[in-house]
Amino acid sequence: MIGREASVVDFGEPWGETAFPAMDGFAHLAAAPVLMHLGLCGDAIGYMVPSADRHPMGHPDRYEEDLDFSLDTEQIYSSAVRSILR
């Protein structure tokens, strides 16, 4: 994950604006000439939607949220990767 800057997106009515917080990535923790790439393994893991990205009214395009294991999937995964890289 490379991280992202904070942003605001207007999804229009009825969803309105949603603020997405900045997120730290973990690529900077990998002291290697080539960074690893972790894919979805043929969608066996599914999508990992950060809790902060879940729209309180249901996202207008919530396909990924419907296929996410739980609210904590992204946090558990990111925490484990950070531990491995440290």
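Can you pull out the chymotrypsin sites (Phe, Trp or Tyr not before Pro) in region 1-35 that DSSP calls coil and that have at most 14 other Cβ atoms within 10 Å?
Taking region 1-35 and a limit of 14 other Cβ atoms within 10 Å, the loop chymotrypsin sites (Phe, Trp or Tyr not before Pro) found are PHE11.
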Region 61-75 versus region 1-30: alpha-carbon centroid distance in Å: 15 Å
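Just to confirm a number: summing +1 for Lys and Arg and -1 for Asp and Glu over residues other than ALA30 whose beta-carbon lies under 11 angstrom from that of ALA30, what do you get?
Taking every Cβ under 11 Å from that of ALA30, the sum is +2.
Coordinate-derived values only; no laboratory data. All of these numbers come straight from a predicted model, not from anything done at the bench. With ideal geometry, Cβ positions are generated from the backbone for all residues, glycine too; neighbour counts draw on all protein chains shown.
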